[in-house]
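Following: one structure in structure tokens, then a few remarks.
The values are calculated or read from the model by the stated rules, or taken from the named source; none is laboratory data. Predicted model, so just to flag it, every value in this text is computed and none were measured. Here Cβ is always computed from backbone atoms with ideal geometry, including for glycine, and neighbour counts include all displayed protein chains.
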Amino acid sequence: MKTENIKTVSFCVSIPNREGTKVARSFYIPLPVREDESGETIVTPEGHELIERVKVAEILADLCVETRRILLGVDLAQGYVSADIRKQLERVLADIQYAQTKRCYTLDRKE
């Protein structure tokens, strides 16, 4: 039985804008690939999963930032927010900041 030779390559992930008409940003992640018998590079099933996880995480991060802007806009428009809502907003903002500092896209990342 032939063993697969898995290697890691740098792969560009593109995140679409809100409308899905343009690329909002792109960046590189380490992606596991293998070569088939003809020498063609094939993305492993784990690699496909990693690409999807990264895209979902980035899109969700964008939504969190947009939600933050909306909540802050409501706060500014009304001039005040109840203590409970302010506490929830602060918790959400702390979660967003934590998530943004912990972005690390590797196969051994536990979610």
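Things to note:
- Residue that is modelled with the lowest pLDDT, among those in region 66-108 that are surrounded by 11 or more Cβ atoms within 10 Å (Cβ to Cβ) and under 13 Å from the mean Cα position of the chain (by Cα): 105
- Residue 59 within 13 Å of the chain's Cα centre (by Cα) and at pLDDT below 85: yes
- The residues of region 43-73 that are acidic (Asp, Glu) and in contact with a strand residue (DSSP E or B) (Cβ under 8 Å, 6 or more places away or on another chain), listed by number, are 46, 58, 62.
- Counted residues, region 19-35 - those being surrounded by fewer than 14 Cβ atoms within 10 Å (Cβ to Cβ) and aliphatic (A, V, I, L, M): 1
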